[in-house]
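Here is the structure we will look at, set down as structure tokens.
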Amino acid sequence: MKVGFIGLGAMGYPLAGHLAKKYETLVWNRTFAKAEAHAREFGSRAVELPELAQVEILFTCLPTSLEVDQLAQRLLPYLRPGTLWVDHTSGEPELAQKTARMLQEKGVSYLDACLSGGVAGALQARATVMAGGAAEDFARAKPVMEAYAAKIVHVGPLGSGHAVKAVNNALLAVNLWALSEGMVALVKQGVNAGLALEVINASSGRSNVSENLFGQRVISREFPNTFALGLLAKDLGICAKVLEAAATPAPMLRQVREFFEIAKREVGATEVDHTAVAKLLEKWAGLEIK
Ligand code: NDP
């Protein structure tokens with residue numbers, strides 16, 4: 001089977017690498033040198049978009065649904081009926097539905113198949129996929145996604161993958177913000193941050209943030225930029241739209257978006273990791289979490 005991958009960023013690069021080990025894989029990236037480097041590293045083939053459009057399953061992993069829609073418009077003249085487009089972007093349900101309608105006119109089906117597990121999950125081929133779309137499209141994509149995902153769930157109709165991902169990332173943001181608040185207060189009271197974290201991780205307040213992110217990124221002062229603060233802030237904007245569409249009460253999830261908008265302005269968007277929000281709370285408290 002011939003597959004194609006567009007968007008060789010922090011997530012896309014390793015994912016397409018896993019695909020290349022099992023399938024004939026064509027790759028394209030805006031900065032084309034990355035596609036050429038990928039071909040050298042994994043034996044994929046760097047090609048121009050018209051050739052890439054000829055694959056059976058086409059994957060995208062781009063910053064937002066806007067870039068996906070723009071690429072779909074660019075590829076439209078070359079796409080063939082029967083192609084399946086699997087979008088791994090953390091995107092917007094509504095815009096994805098519009099893109100899917102446009103593709104459908106060409107006989108191309110679309111899944112919004114969001115990822116979680118971070119770059120580590122992508123590298124180790126144990127990502128989680130939450131997919132929205134038709135059951136038969138999901139059944140076609142699932143065995144291929146098994147090249148890099150350990151958990152693959154069809155969560156509902158088109159757009160629901162994006163919606164679940166947005167809520168998941170809002171929960172990540174809540175945990176990250178709340179733990180940063182708590183840690184700042186504890187350090188101010190003279191508690192060692194590493195010891196506090198050790199205890200929290202053996203107690204009911206633990207989370208993925210406390211177990212996997214906070215020690216390695218915040219207390220270590222390393223803040224490696226594998227998932228940009230701006231991308232998480234973007235997901236919170238998508239979550240706000242999901243909440244608006246549902247018209248359900250959600251004071252916490254709406255509030256955390258505001259916090260991250262402030263952090264984005266104060267700490268930075270693209271050049272800093274999402275865990276750097278802790279630096280804003282440190283600045284407000286006048287101390288470092290250590
Ligand atoms: P990166 O910023 O590392 O990569 C973005 C990719 O999109 C690059 O290949 C970039 O190309 C390409 N791109 C950007 N703008 C355009 C454009 N206008 N036209 C064509 N290509 C473009 O992002 P990530 O890999 O971190 O994230 C990708 C998606 O996955 C996002 O939606 C993110 O929210 C989501 N995600 C990220 C996770 C993470 O831990 N990083 C985890 C789960 C989901 P170029 O090389 O030229 O810049």
Going by the structure shown, is L66 more than 18 Å from F227 (Cβ to Cβ), in contact (Cβ under 8 Å) with a residue 12 or more places away in the chain and within 9 Å of the ligand (Cβ to nearest atom)?
-> yes
Looking at (1) part of a loop (DSSP other than H, G, I, E, B); (2) over 26 Å from L253 (Cα atoms); (3) in contact (Cβ under 8 Å) with a residue 12 or more places away in the chain, which is the one condition that is false for L158?
-> (2)
The stretch 117-130 - residue that is open to solvent by 10 Å² or more (accessible area, probe 1.4 Å) and out of contact with any Lys or Arg (no Cβ under 7 Å at 6 or more places or on another chain) and, of those, farthest from the ligand (Cβ to nearest atom) = A125
Would you mind stating whether A150 is surrounded by fewer than 24 Cβ atoms within 10 Å (Cβ to Cβ), assigned by TED's automatic domain parsing to the domain that holds V129 and not β-branched (V, I, T)?
-> yes
Does G91 fit the bill of being under 19 Å from the mean Cα position of the chain (by Cα) and part of a loop (DSSP other than H, G, I, E, B)?
-> yes
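Answer yes or no as to whether V272 is touching a residue at least 24 places away in the same chain (Cβ under 8 Å), within 14 Å of E181 (Cβ to Cβ) and of a type in the set (V, I, T). First the steps, then the outcome.
Details: touching a residue at least 24 places away in the same chain (Cβ under 8 Å): yes; within 14 Å of E181 (Cβ to Cβ): no; of a type in the set (V, I, T): yes.
No; evaluated as a whole, the condition is false for this residue.
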Return yes when D87 is among the acidic types (D, E), within 14 Å of the ligand (Cβ to nearest atom) and closer than 11 Å to Y110 by Cα and no when it is not.
-> yes
Can you spot a residue in the stretch 90-99 that is of a type in the set (A, V, I, L, M), under 17 Å from F5 (Cα atoms), touching a strand residue (DSSP E or B) at 6+ places or on another chain (Cβ under 9 Å) and crowded, with 22+ Cβ neighbours inside 10 Å?
-> no
Can you tell me which residues in the stretch 215-229 are in contact (Cβ under 8 Å) with a residue 12 or more places away in the chain, open to solvent by 50 Å² or more (accessible area, probe 1.4 Å) and more than 15 Å from the ligand (Cβ to nearest atom)?
-> R221
Would you check which residues across the stretch 1-36 are assigned to a helix (DSSP H, G or I), within 14 Å of the ligand (Cβ to nearest atom) and open to solvent by 30 Å² or more (accessible area, probe 1.4 Å) and list them?
-> Y13, F32, A33, K34, E36
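So, in the stretch 230-284, how many residues would count as being β-branched (V, I, T), under 21 Å from G159 (Cα atoms) and crowded, with 17+ Cβ neighbours inside 10 Å?
Residues flagged as β-branched (V, I, T), under 21 Å from G159 (Cα atoms) and crowded, with 17+ Cβ neighbours inside 10 Å within the stretch 230-284 amount to 2.
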How many of the residues making up the stretch 262-290 are within 18 Å of the chain's Cα centre (by Cα) and not aliphatic (A, V, I, L, M)?
-> 6
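The values are calculated or read from the model by the stated rules, or taken from the named source; none is laboratory data. Worth saying up front: this structure is predicted, and the values here are computed from it rather than measured. Note that we place each Cβ from the backbone using ideal geometry, even for glycine, and neighbour counts take in every protein chain shown. Protein only, heavy atoms only, side chains kept; ligands, DNA and RNA dropped before computing areas. Shrake-Rupley method; radii C 1.70, N 1.55, O 1.52, S 1.80 Å.
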